[in-house]
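A short worksheet on the structure shown next.
Where a number appears in this text, it was derived from the coordinates with a stated rule and is not lab data. Computed from a prediction, not measured in an experiment: that's the story for all the values here. For neighbour counting, all protein chains shown are included, and Cβ atoms are generated from backbone atoms with ideal geometry for every residue, glycine included.
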Amino acid sequence: MVGQISGFAALALASLSPSQLTFIHTLPKAELHAHLNGSIPISDLQQMAHEYTRTSDKAASDLVQAGIAKLQNGVVLDEIYDFFNLFPAIYALTSNPISLRRATKVVLEQFLDGMYPQCTYLELRSTPRETEEMSRLEYVRTVLDEVERYPKARAGLIVSLDRRMSVEVVRECVEIAIQLKSEGRRVVGVDLCGDPQAGDMGIFADYFFQAKQAGLGVTLHIAETPVNSAEETLELLSYAPNRLGHATFLNDEAKSIVRQNKTCIEICLSSNLLCKTVTTLDDHHIRYYLQHDHPIAVCTDDTLPFRTSLVGEYALLLAARPLGMELSEAEVQRIAEMGMAARFG
Ligand code: 6MZ
């Protein structure tokens, strides 16, 4: 387990006693914020890259090889914006139904299989992509086919909308989510994600409203960086989201709305530390929400670049300072219960 992860969480995990490890492994936990294309294990990605380079031209192969080498060596980010440059290489490897299906399968196995699964329940999220070999509808159906191999109580899908999308693409993605849900497929919610500097948030309002009307949960990446303005944050809060991703830079007005509505905050500790939006665990906004007994869900975000696992994120809660937050087992159990209570599915 420790061998597969190598970031902050690995150090915390290695510092735990056997009884603390057993406690974390046996705790019912929900993973509610995991991006599919950011969670593919490196060994699978390497194999996929190997096959890809045999059938692709040199320029495309070079791009993929350079991207995979970076991920393999452990990404070091100067700032969060460097993070989004990692995806073109990964996307090249998951651009047809066969490779997408394979990636989804290994990501689900990573979270849900084994003697001590990372989580009891997973809400995987992914952004529908149109490629030369599949439509966005086919993309979502392909991911769902794998998600639905697990019982309903174990896995669901959130359809992500990227901040860079045009209004036409946003409309198409929300229509797909609503249509598939009405067919009884396991779409449980919609998400807003992507480069925090990009996009016009005004175009999303109607579509998040439609998604809510159709019974889908709504979660929004919000105030992930200091450049996200207070106006944008208030606009996103006006969509009445059920959960929020990161919420690192909320001002007092936004915090008071979030607390009044008891909106669950998806907390991704390693992600925030590696993207340098939070300096240390002592400065992390999780402390504010714990002090106020506000609902949170501890999640991984992207296990590959952030070199973590859900068990590793829980280790960060429990481990002694300076490796972890030194919370008690009772506090960690309460956090896990809040995560389970915030499921859409
Ligand atoms: C914002 C993120 C993210 O959807 O193609 N993504 N968006 N903040 C983050 N935290 C640092 N981590 C991942 O998965 C990859 C996509 O998820 C979004 C980005 O848009 C990325 O392209 P899918 O499966």
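Seen from a random direction on average, the alpha-carbon convex hull of region 151-208 projects onto 4.3 square nanometres. Amide H to amide H distances under 5 Å link residue 245 with 220, 221, 222, 266, where only residues 5 or more positions off or on other chains count and H is placed in the peptide plane. With 20 Å as the limit, the listed pairs 29/181; 152/181; 212/255 have 29/181; 212/255 beyond it between alpha carbons.
Projected onto planes of every orientation and averaged, the convex hull of the alpha-carbon atoms in the chain covers 15.9 nm². Determine the sum of side-chain charges near residue 245: Lys and Arg each +1, Asp and Glu each -1, restricted to other residues whose C-beta is under 9 angstrom from that of residue 245. Cβ neighbours under 9 Å give a net charge of -3.
What is the distance in Å between the Cα centroid of region 227-269 and that of region 49-121? Value for the Cα centre distance between the two parts: 30 Å.
For region 48-126, trypsin sites (Lys or Arg not before Pro) meeting the loop criterion (DSSP other than H, G, I, E, B) and having at most 14 other Cβ atoms within 10 Å: none. Once the convex hull of all Cα atoms in region 1-130 is built, its volume per residue stands at 126 Å³.
In a fully extended conformation the segment linking residue 70 and residue 15 would gain 17.1 nm over its present Cα-Cα distance, using 0.36 nm per residue. Model label points for residue 214 and residue 288, set 7 angstrom from Cα along the Cα-to-Cβ axis, are 3.3 nm apart. Distance between the modelled labels on residue 82 and residue 109, one decimal in nanometres: 3.2 nm (7 Å Cα→Cβ projection). Using only the C-alpha atoms, the convex hull of region 169-273 corresponds to 105 Å³ per residue.
Can you give me the orientation-averaged projected area of the convex hull built on the Cα atoms of region 91-211, in nm²? It would help to have the intermediate numbers written out before the result.
Values: hull surface 31.6 nm².
Over all viewing directions, region 91-211 projects a mean Cα-hull area of 7.9 nm².
A cut-off under 15 angstrom between Cβ atoms defines the neighbours of residue 108, and their net charge, with Lys, Arg +1 and Asp, Glu -1, is 0. Below 15 angstrom from the Cβ of residue 200, what's the summed charge of the other residues (Lys, Arg +1; Asp, Glu -1)? Result for the local shell: -4.
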